[in-house]
Amino acid sequence: MPSDKPSKPSTQALRWRRVLLKVSGEALMGDRAFGHDSVAIDRVAQEVRNVIALGAEVALVVGGGNIFRGMSDAASGMDRTTADHMGMLATVINALALQDGLERNGVEARAMSAIPMQSVCEPFSRRDAMRHLQAGRVVVFAAGTGNPYFTTDTAAALRAAEMNCDVLLKGTQVDGVYSADPKKDANAVRYDRLSFTDVLARDLRVMDATAVSLCRENNIPILVYSNQDTGMLATVLSGGGTYTLIDR
């Protein structure tokens, strides 16, 4: 029986080889109001499989907004630390769903949690995570940084720095960073390239300020692209397509 496991050909076509992809919880729920949609999860898995076939090493950080939004519940009266811990647990559920979806699509994957729960998934260890990446496995980082008051955007920047990633990718519903919401403002201007300082000074809110600052300090570019088009992840990693690149 032929294997579905992707091969590892030359990486010459790739502009960036080791990458971290921030996946929102909402990206896993498809047209549902909450929870998971197997088609949406398969779509993410297949995008990742495509870039692995090009020779990329891929790590993921997943959010939990499809299950629980810590900030909104904290604002309605719940203790912020408790709410954030509940949100972290939601990301573990999502990481397990992604691990299953990746393996279902022929990609070896390991979910790793910043909050140890060995009977569910591996605890995060930089050394072990690096070994997984070097062995061609996708690592799905869960539970954010393991601390309240830090977003999964910040966790993505932190893990990208720890894993020595070449770029941090953020897929959105639009093809880059705009001066305003293009769905609400017809005059919104799309940027091809921005500096980290531009993003912070203009309060563009691509990612939270802590995440952007961490990427700036560690010289990790942020690439914002549309995840609505099939194959776009492989296209942008090869230097094509439409996106906004944030760097120095």
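Just to check your reading of the model, which residue among 199, 224 is out of contact with any helix residue (DSSP H, G or I) (no Cβ under 7 Å at 6 or more places or on another chain), surrounded by 20 or more Cβ atoms within 10 Å (Cβ to Cβ) and within 21 Å of residue 157 (Cα to Cα)?
Going through 199, 224 in turn, the sole match is 224.
State which residue pairs qualify: first residue assigned to a strand (DSSP E or B) and inside region 182-194, second residue polar (S, T, N, Q) and surrounded by 11 or more Cβ atoms within 10 Å (Cβ to Cβ) in any location, beta carbons under 9 Å apart, and separation of 6 or more residues or different chains.
From region 182-194, the pairs are 190/179; 190/242; 190/244; 191/179; 191/244; 193/244; 194/244.
Between a first residue in region 56-72 that is within 7 Å of residue 25 (Cβ to Cβ) and a second residue that is among the charged types (D, E, K, R) and at pLDDT 85 or above, which pairs have beta carbons less than 7 Å apart while being 6 or more apart in sequence or on different chains?
Listed by first residue and then by second, the contacts come to 65/26; 66/26.
One line per residue, one yes/no per condition, for (1) out of contact with any Ser or Thr (no Cβ under 6 Å at 6 or more places or on another chain); (2) closer than 25 Å to residue 161 by Cα; (3) modelled with pLDDT under 95:
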| site | (1), (2), (3) |
| --- | --- |
| 60 | yes, yes, no |
| 68 | yes, no, yes |
| 72 | yes, no, yes |
| 78 | yes, no, yes |
| 83 | yes, no, yes |
| 86 | yes, no, yes |
| 92 | no, yes, no |
| 99 | yes, yes, no |
| 106 | yes, no, no |
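Here is a yes/no grid of residues against (1) within 20 Å of the chain's Cα centre (by Cα); (2) surrounded by 15 or more Cβ atoms within 10 Å (Cβ to Cβ); (3) closer than 13 Å to residue 157 by Cβ:
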site	(1), (2), (3)
176	yes, yes, no
180	no, no, no
183	no, no, no
192	no, no, no
203	no, no, no
207	yes, yes, yes
211	yes, yes, yes
214	yes, yes, yes
217	yes, no, yes
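The values are calculated or read from the model by the stated rules, or taken from the named source; none is laboratory data. As the structure is a computational prediction, the values presented were derived from the model and not from experiment. Because the Cβ atoms are built from the backbone with ideal geometry, glycine has one as well, and the counts that use them run over all protein chains shown.
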